[in-house]
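The values are calculated or read from the model by the stated rules, or taken from the named source; none is laboratory data. None of the values given here were measured: they were computed from a predicted structure. So basically every Cβ, Gly included, is an ideal-geometry build from the backbone, and we count neighbours across all protein chains shown. Each accessible area value is taken on the protein alone, full model and side chains, heavy atoms only, with ligands, DNA and RNA left out. Shrake-Rupley method; radii C 1.70, N 1.55, O 1.52, S 1.80 Å.
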Amino acid sequence: MKDKLNNLRNKFLQELSEVKDINYLRSIELKYLSRKGELSEMLHELKDLGDDLRQEAGIMANRIKKELQEKFLEAEKLLNEDKVQATSSPDVTLPGEKSFHGHLNPITLVQNELEDLFTSLGFSVIDGPELESDYYNFTALNVPPSHPARDMQDTFYVDSKNKEGQFDLLMRTQTSSVQIRAMQKYGAPLKAVIPGRCFRNEATDARHEHTFYQVEGLVIDKDINFSNLKSFLEIVGQRLFGPNTKMRMRPKFFPFVEPGNNAEYTCFLCRGKGCRVCKYTGWLEIVGAGLVHPEVLRAGGIDPDVYSGLAFGFGLNRLAMLKYNINDVRLFNSNDLKFLEQF
Ligand code: PHE
């Protein structure tokens, strides 16, 4: 019995000296010191011994029990102190862990820049649905069914017909679709930009994508005229391409403005001399614009005899391509980290 007790003591002390964490310590407590542990079992066996032996072994067993409990508490205390030390004084000489930083898509960068500019000019930023009705995307913008301008903006239709048997829901082809929604919701006067994703049924190549981004601008108030439009677009050009940027406007037909125009800026690369980027014209065609057509104001619930408006639309992909020298529009949606990590 004495040998057994000594063996148990040695085993316990050996295992205790190897304790490195609290779980291991708890397993030792369970194995030796708990109510069903090895030590209790041995104490239990004492009753089977003869009187003399039982007394002697009993004294020894109790001494060992006390010793083991003390040693156990000591080990527990040490472990806790270690833990406190470990958490309160980190080793500042260890090399740091590098955390992963995501990157903003270059389109988001250009969009943020434009939003900053326009909010500083008093515009609010508003949003609209990407899945749009035929009415808001075309008809209310003065492009009724069978209007030839629809051919230039073929898109993706949702495969469900309305009560009149027509395919009525489509992926919007332009952020201009939010013009009417904004007028209906906020009325006049109104000064807003609308950034967003647009879609067209395109055969894709380095310059054409089925999914792209625009920023629309809309100002409605009394006496809004063409010189207001010109000054806004000049400010934008100078902000985007530098203070010496010049602008020219050329007539262009858009059904929802009258008169309509394209605004072009002097090429920021060759400063107007002519280069590959501007196709040797010295000018970059950046924005479609015009004065809001009276029919469109009417569709938005605004009286064209009292109010007038201006509207313009930028292609964000094109701006980002120019700004960051990107030569393939398909890269924006490619999810290619090698591309995205450059920005
Ligand atoms: N929505 C037109 C397009 O996608 C751009 C535009 C916006 C033109 C506003 C005039 C006014 O081509």
Identify the GluC sites (Glu not before Pro) of segment 108-176 meeting these criteria: DSSP loop state and at most 10 other C-beta atoms within 10 Å of the C-beta. Glu164
FRET efficiency for Ser27 and His101, Cβ-Cβ distance as r, R0 = 41 Å, nearest 0.05? 0.45
Measuring from centroid to centroid over Cα atoms, what is the spacing of segment 197-245 and segment 248-321 in Å? 6
Name the residue, out of Met247, Met171, Met60, whose mean-square fluctuation peaks in a Gaussian network model built on the chain with Cα pairs under 10 Å. Met60
List residues of segment 266-282, by number, whose backbone nitrogen lies under 19 Å from a label position 7 Å along Cα→C-beta of Asp205. 276-280
Low-density loop cleavage sites - chymotrypsin sites (Phe, Trp or Tyr not before Pro) in segment 80-153, where at most 14 other Cβ are within 10 Å (DSSP): Phe100
Provide the gained length on full extension for the span Asp116 to Leu78, in nm with one decimal, where the gain is 0.36 nm per separating residue minus the Cα-Cα distance. 7.8 nm
For the chain, Cys with no neighbouring Cys Cβ under 4.7 Å: Cys198
Just need the relative contact order of the chain here, percent rounded to a whole number, with Cα pairs under 8 Å and 6+ apart. 15
Computed, not fitted: 222 nm per-residue ellipticity of the chain from DSSP H runs ≥ 4 (each -39500 (n - 2.57)), nearest 500, equal to -12000 deg cm²/dmol
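With a 1.4 Å probe and all protein chains kept in place, how do Ser133, Ser177 rank by accessible area, largest first?
Reading off the accessible areas and sorting them downward yields Ser133, Ser177.
Got the relative contact order for segment 1-156 handy, in percent, Cα pairs under 8 Å and 6 or more residues apart?
That works out to 17 percent.
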Output ³J(HN,Hα) for segment 209-222: one whole-Hz value per residue in order, computed from phi by the Karplus curve 6.51 cos²θ - 1.76 cosθ + 1.60 with θ = phi - 60°, and x for Gly and Pro. 9, 6, 10, 8, 10, 10, 10, 9, x, 9, 10, 10, 6, 6
Could you derive backbone 3J(HN,Hα) for segment 330-343 from the dihedral phi with the Karplus parameters 6.51, -1.76 and 1.60 (θ = phi - 60°), listing whole Hz in sequence and x where the residue is Gly or Pro? 5, 4, 4, 9, 7, 6, 8, 5, 4, 6, 5, 5, 7, 10
Note to self: with every protein chain in place and a 1.4 Å probe, the chain gives an accessible area per residue in Å² of 58
So, in Å, what gap is there between the alpha-carbon centers of segment 31-76 and segment 105-121? 78
Whose amide H sits under 5 Å from the amide H of Val125, counting only residues 5 or more places off or on another chain, with H placed in the peptide plane? Val193
Below 8 Å between Cα atoms, with a sequence gap of 6+, how large is the relative contact order for segment 21-109 in percent? 23
Taking segment 58-124, which trypsin sites (Lys or Arg not before Pro) meet the DSSP loop condition and have no more than 15 other C-beta atoms within 10 Å? Lys98
Rounded percent of accessible protein surface that carbon and sulfur make up, the chain, 1.4 Å probe: 51
Read phi for every residue in segment 276-291 and hand back ³J(HN,Hα) as whole Hz from Karplus 6.51 cos²θ - 1.76 cosθ + 1.60, θ = phi - 60°, with x for Gly and Pro. 4, 4, 9, 6, 6, 9, x, 10, 10, 7, 10, 9, x, 7, x, 8
Mind checking the full-extension length gain between Asn335 and Lys4? Use 0.36 nm per residue of separation minus the Cα-Cα distance, one decimal, nm. 112.2 nm
